[in-house]
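Have a look at the structure below before the remarks.
The values are calculated or read from the model by the stated rules, or taken from the named source; none is laboratory data. None of the values given here were measured: they were computed from a predicted structure. Cβ sites come from the backbone with ideal geometry, for glycine too, and all protein chains shown count toward neighbours.
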Amino acid sequence: MRTVLALIVTVLVLWQGVIWLAGMPPFLLPSPGAVAEALWLNRAEIARHAGFTLAEVMLGFLLGSVLGAGLAIAMGFSERLTGVLRPILTFSQTIPVFALAPILTLWLGFGMAPKIAVTVLIVFFPVASAFLDGLSRTPQAALDLAQVMGASRGRIMRHLRIPAALPQLATGLRLAAVYAPIGAVIGEWVGGARGLGALMIHANGRMKTDLVFAALLVLSVMTVIFARLVAMALARAWRRYGV
Amino acid sequence: MTIARVRGQAWVGDTPLFAPVDLTLAEGGWTCLLGPSGVGKSTILRLIAGLETGARFDGEVTRSTPVALMAQDPGLIPWLDVTGNVTIGARLRGDLPASFLPKYPGGRRSGPIKGPERRGAEPPADPNTRAKTLIDAVGLGDRADHLPANLSGGQRQRVALARTLFEDRPLVLLDEPFSALDARTRAQMQDLSARLLAGRTVLLVTHDPAEAARLSDRILLLREEGLTEWPVPLPRPQGAARPYDAPEVLTLQTDLMRGMMA
């Protein structure tokens with residue numbers, strides 16, 4: 001905690017120092033004081049936008065995780081399905097979400113739906129790929145025993161493969177929790193008037209750089225807290241499984 | 001009566017793993033399949049178990065009873081305690097609800113045999129009681145709620161033995177189950193297994209002539225040239241291993257060692 005504080009103070013001092021030394025105008029680089037002031041003066045507006053973003057992040061994270069985990073289990077059952085889907089999945093990740101966001105907005109309108117969709121797109125891949133990796137690494141000794149014991153594929157999945165893969169699933173979920181807000185903000189950038197992304201675009205267009213920085217700061221803090229809470233919840237729920 | 005037979009030859013690529021063999025297991029007693037590593041002992045055991053071997057097998061495998069398996073890797077489930085591991089088979093077959101609540105409180109204790117034969121013998125009357133008895137029998141009564149991570153190597157094999165007994169199968173396949181244990185623990189596990197597996201047909205795969213000398217009623221020596229039956233001149237006490245220090249056991253061990261070196 002002390003090192004974090006020291007780091008923050010150092011960054012603030014450097015930041016202010018650059019402004020003094022280089023004489024940067026506030027619309028290019030606002031001072032820490034100006035950002036703090038913008039944050040305080042616009043606190044109600046920022047909080048409202050942050051609320052929308054948070055809702056999109058949580059819904060997108062939940063939906064993307066369920067889809068990703070479900071896909072991983074389906075692929076874990078069938079090697080043929082894995083053979084078909086793996087290249088499609090990899091291909092889907094070569095498309096920049098940035099390029100998709102406007103199309104999603106066109107299809108889904110200016111409400112929350114396209115933002116959640118972008119978040120889902122960002123979340124489901126790390127979840128699916130980490131979980132699938134875990135599902136394919138069940139210790140052979142346990143699988144042999146299960147087969148000799150006369151277990152069905154479904155019960156092997158439920159009692160052995162899924163619990164054994166929870167540490168990898170947790171890794172995917174922790175990663176996805178960090179990325180999820182990026183998805184929501186990309187969605188907000190492209191269309192709509194609500195959310196921290198929309199606020200940033202709007203403020204940027206009007207040279208309110210201090211407000212952009214304030215919104216960015218809130219987004220970062222929100223992301224760190226969200227990711228931390230997800231990690232803690234996972235560690236608590238799945239400690240027995242080695243998470 | 002023959003309860004299992006493996007006849008044929010196994011190949012890895014174009015190289016034969018072993019010469020053509022014909023292994024017949026009769027009901028009752030301990031049969032040791034003895035041989036050096038890499039000669040295909042485990043492959044034969046896995047063929048009988050119906051498991052993937054990684055080798056190509058030309059021939060036929062027949063088996064008329066369900067089996068239980070115990071291997072060098074005890075294969076314990078790290079998130080289940082000792083009781084959970086012992087009863088894992090019941091859970092994997094769906095015989096046992098996730099909790100230990102009795103299905104028919106105060107009523108019928110067990111049903112008739114249902115399902116295909118591979119599901120094993122009579123379903124346990126009360127899995128909970130049976131598991132507890134078996135855990136006591138392997139000497140882990142005070143550790144029934146421990147996780148595998150908190151057990152020693154020998155204790156883990158005791159759990160594996162209790163799990164094998166819980167399966168209650170007439171034919172038990174042991175794939176070098178004691179080879180990772182220290183000498184004293186190994187001897188203790190041999191005694192315990194001989195006692196608790198009495199009355200079942202056992203196929204023990206081992207590379208240790210001392211183990212074969214202590215436990216076998218019948219010894220099959222597997223070498224690259226093929227399978228040879230090795231005479232066992234000593235009777236084995238009922239439900240026990242031969243003493244590790246008896247001169248005739250040591251003589252048999254030496255003979256087996258010579259046979260493996262030949």
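Exactly one residue among B:A162, B:A180 is within 14 Å of another protein chain (Cβ to nearest Cβ), more than 24 Å from B:A90 (Cα to Cα) and either surrounded by fewer than 23 Cβ atoms within 10 Å (Cβ to Cβ) or hydrophobic (A, V, I, L, M, F, W, C) (or both), and that residue is B:A180. Residue count for segment A:155-166, restricted to those that are small (G, A, S) and facing chain B (nearest Cβ under 9 Å): 1. Every listed requirement among (1) surrounded by fewer than 19 Cβ atoms within 10 Å (Cβ to Cβ); (2) within 23 Å of the chain's Cα centre (by Cα) is met by A:V127 save one, (1). For the residues A:G64, A:G76, A:G111, A:G60, the requirement of being in contact (Cβ under 8 Å) with a residue 60 or more places away in the chain and either not in a helix (DSSP H, G or I) or not assigned by TED's automatic domain parsing to the domain that holds A:A170 (or both) singles out A:G111.
Results for (1) modelled with pLDDT under 95; (2) buried (at least 17 other Cβ atoms within 10 Å of the Cβ), shown as yes or no for each residue.
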| position | (1), (2) |
| --- | --- |
| A:L169 | no, yes |
| A:G192 | yes, yes |
| A:R206 | yes, no |
| A:M232 | no, no |
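Among the numbered conditions (1) in contact with a Lys or Arg (Cβ under 6 Å, 6 or more places away or on another chain); (2) in a loop (DSSP other than H, G, I, E, B); (3) among the polar types (S, T, N, Q), the only one that B:S37 does not meet is (1). Each residue in segment B:33-64 was checked for being away from every other protein chain (no Cβ under 12 Å), polar (S, T, N, Q) and surrounded by fewer than 19 Cβ atoms within 10 Å (Cβ to Cβ), and 3 of them qualify. Counting residues in segment A:94-106 that are under 30 Å from B:L47 (Cβ atoms), surrounded by 15 or more Cβ atoms within 10 Å (Cβ to Cβ) and more than 14 Å from every other protein chain (Cβ to nearest Cβ) gives zero. As a summary of the residue check, A:H202 satisfies the conditions (1) closer than 26 Å to A:L29 by Cα; (2) touching a residue at least 40 places away in the same chain (Cβ under 8 Å) except for the one numbered (2). Per the conditions (1) touching a helix residue (DSSP H, G or I) at 6+ places or on another chain (Cβ under 8 Å); (2) farther than 24 Å from A:L166 by Cα; (3) assigned to a helix (DSSP H, G or I); (4) not acidic (D, E), the sole criterion not satisfied by A:A55 is (1).
So A:I225 fits all but one of (1) under 17 Å from A:L41 (Cα atoms); (2) surrounded by fewer than 16 Cβ atoms within 10 Å (Cβ to Cβ); what number is the exception? Only one criterion is unmet by A:I225, namely (1). The set of residues in segment B:65-87 being farther than 18 Å from B:S42 by Cα and either at the interface with another protein chain (Cβ under 7 Å from one of its Cβ atoms) or touching a strand residue (DSSP E or B) at 6+ places or on another chain (Cβ under 6 Å) (or both) consists of B:T65, B:I77, B:P78, B:W79.
Just to check your reading of the model, which residue among A:L143, A:L135 is within 14 Å of another protein chain (Cβ to nearest Cβ) and either within 30 Å of B:V159 (Cβ to Cβ) or charged (D, E, K, R) (or both)? Just a single option satisfies the conditions, and that option is A:L143.
Has segment A:43-55 got any residue that is surrounded by fewer than 18 Cβ atoms within 10 Å (Cβ to Cβ), among the aromatic types (F, W, Y) and out of contact with any Phe, Trp or Tyr (no Cβ under 6 Å at 6 or more places or on another chain)?
Within segment A:43-55, none of the residues are surrounded by fewer than 18 Cβ atoms within 10 Å (Cβ to Cβ), among the aromatic types (F, W, Y) and out of contact with any Phe, Trp or Tyr (no Cβ under 6 Å at 6 or more places or on another chain).
Scanning for something outside any helix (DSSP H, G or I), hydrophobic (A, V, I, L, M, F, W, C) and surrounded by fewer than 23 Cβ atoms within 10 Å (Cβ to Cβ), does segment B:205-217 turn up at least one residue? No.
For A:G187, indicate whether it is touching an Asp or Glu at 6+ places or on another chain (Cβ under 8 Å), surrounded by 21 or more Cβ atoms within 10 Å (Cβ to Cβ), assigned by TED's automatic domain parsing to the domain that holds A:A47 and over 29 Å from A:M24 (Cα atoms). Answer is yes for this residue.
Could you tell me whether A:A214 is closer than 13 Å to A:T105 by Cβ and out of contact with any Ser or Thr (no Cβ under 8 Å at 6 or more places or on another chain)? In short, no.
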